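The values are calculated or read from the model by the stated rules, or taken from the named source; none is laboratory data. Everything numeric here is computed off the predicted structure, so don't read it as measured data. For neighbour counting, all protein chains shown are included, and Cβ atoms are generated from backbone atoms with ideal geometry for every residue, glycine included. Heads up: the accessible areas ignore ligands, DNA and RNA and are worked out on the full protein's heavy atoms, side chains in. Shrake-Rupley method; radii C 1.70, N 1.55, O 1.52, S 1.80 Å.
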Amino acid sequence: MKGHGKKIESHGAVLLVSIGTTQAEGRAVIDSCVKRIQTSYPKAEVAYSFTSEPVRLVLREQNEYIQGPLAAITSLLDKGHSQVVVQPLFITSGARYHELYPIITALNELAGAHGAVGFDGILISSSLLMNPEDYADTAKAIESIYSPKEKDEAVVLVSPTAEGGAEPALCQLQMILDDISHSGQIIIGTVNGYPDFEKVKTRLSHIGAKKVKLVPLTIVPGIHAWIELSGDANNQSWQKQLESIGCTVTVETKGLGEYDLVIELFMNRLKRTADSHSFLK
């Protein structure tokens, strides 16, 4: 009938959700993820959103508008996509991950043939660390990327406050890293959680490490990671604290998301979630 229009032919949509960043390196990680998903699912629409309102406000001042997760999901539904997979770019299922659940649960109440909106549904995929096998493949990737080359060297991966509430997951990852790397030279720490700097310092002393490489344990690196790790104006930066006890310190400038091995793990999580309900056909 004329005047009634035609619904789009949808093959599903993927929404990447990141904490967000204003840094060029971080934006490059997100762009890389978008391209990888588009290659794997060429018929699906791929979008991204930032959970951090301060980051979105800074970008808005620069005339760039990035939606939050709720607005981004509803935009995809409004376009006519009946199947949406949300892929968080988070390491753990900490506070940021669980903030997505109420949004997706509420919207899924409107799904189904008799729902108020009538779409099929929204799936939330896994963070990097979710199922038991996720810890093993993540630990293997980290060991492959960062394995120290010298006996007196250690790599310390530092999680920022954004992974809040994620300490048990990080401790489990540490235990599996210890199983894989028997030297104990890959160590996990947190800025305002457990294990803290003092725990890391004790482990460094135990293995006799004199050289330390600091690595931001984030997918998309942001300015806070650099301030906490090596900020010149921060007297409590991890670099300055380690140097004060006699360690020679270098700081890795890349986040985990800048390595193909890690992005491939997220692609595996996405495929596992989409296949579980036959989405993204």
Report, ordered by chain and residue number, the aspartates and glutamates lying within cross-link reach of residue 201, taken as a straight Cα distance under 12 Å and ignoring same-chain residues fewer than 8 apart. 243
How high is the relative contact order of the chain, in percent, counting Cα pairs under 8 Å that sit 6 or more residues apart? 20 percent
What list of ³J(HN,Hα) values in whole Hz, one per residue of the stretch 23-28 in order, does the Karplus curve 6.51 cos²θ - 1.76 cosθ + 1.60 (θ = phi - 60°) give from phi, with Gly and Pro shown as x? 7, 4, 5, x, 5, 5
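Take every Cα pair under 8 Å in the stretch 135-241 that's 6+ residues apart, average their separations, divide by the length, and report that relative contact order as a whole percent.
Details: 150 pairs, mean separation 33.3, N = 107.
That works out to 31 percent.
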Extension gain (nm, one decimal) between residue 234 and residue 210, 0.36 nm per residue minus Cα-Cα: 6.4 nm
Just going by the charge dipole of the chain, with Lys and Arg at +1 and Asp and Glu at -1 on Cβ, which of 139, 223, 67 is farthest out on the positive end? 67
Work out from phi, with θ = phi - 60° and the Karplus expression 6.51 cos²θ - 1.76 cosθ + 1.60, the ³J(HN,Hα) of each residue of the stretch 192-197, listed in order in whole Hz, and give x for Gly and Pro. 10, x, 10, x, 8, 4
Once phi is turned into θ = phi - 60°, what whole-Hz ³J(HN,Hα) does the Karplus curve with 6.51, -1.76 and 1.60 give for every residue of the stretch 78-90, x standing for Gly and Pro? 5, 6, x, 6, 8, 10, 10, 10, 9, 10, x, 9, 10
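Kindly state, to the nearest 0.05, the FRET efficiency for residue 60 paired with residue 227, given R0 = 30 Å and r defined as their beta-carbon distance.
Numbers: r = 22 Å, r/R0 = 0.75.
FRET efficiency, residue 60 to residue 227: 0.85.
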Protein accessible area in the chain, 1.4 Å probe - carbon and sulfur %: 52 percent
Using Cα centres only, tell me the gap between the stretch 225-257 and the stretch 48-70 in whole Å. 28 Å
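Based solely on its DSSP helices, what 222 nm [θ] is calculated for the chain when runs of n ≥ 4 H residues each add -39,500 (n - 2.57) and the sum is averaged over all residues, nearest 500 deg cm²/dmol? Don't skip to the end; give the middle numbers.
Details: 10 runs with 121 residues, N = 281.
Rounded to the nearest 500, the figure is -13500 deg cm²/dmol.
Expressed in nm to one decimal, what extension gain is obtained for the pair residue 32 and residue 275 from 0.36 nm per residue of sequence separation less their Cα-Cα distance?
Working: separation 243, 0.36 × 243 = 87.48 nm, distance 2.22 nm.
Using 0.36 nm per residue and subtracting the Cα-Cα distance, I get 85.3 nm.
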16 Å Cα-Cα reach of residue 79 towards aspartates and glutamates, excluding residues that sit fewer than 8 places from it in its own chain: 9, 45, 120
Grab the Cα-Cα distance for residue 75 and residue 183, subtract it from 0.36 nm times how many residues apart they are, and report the gain in nm with one decimal. 33.9 nm
Just to confirm, what accessible area per residue do you get for the stretch 149-281 at 1.4 Å probe, in whole Å²? 48 Å²
Under 5 Å, built H, 5+ apart or other chain: amide partners of residue 48: 16
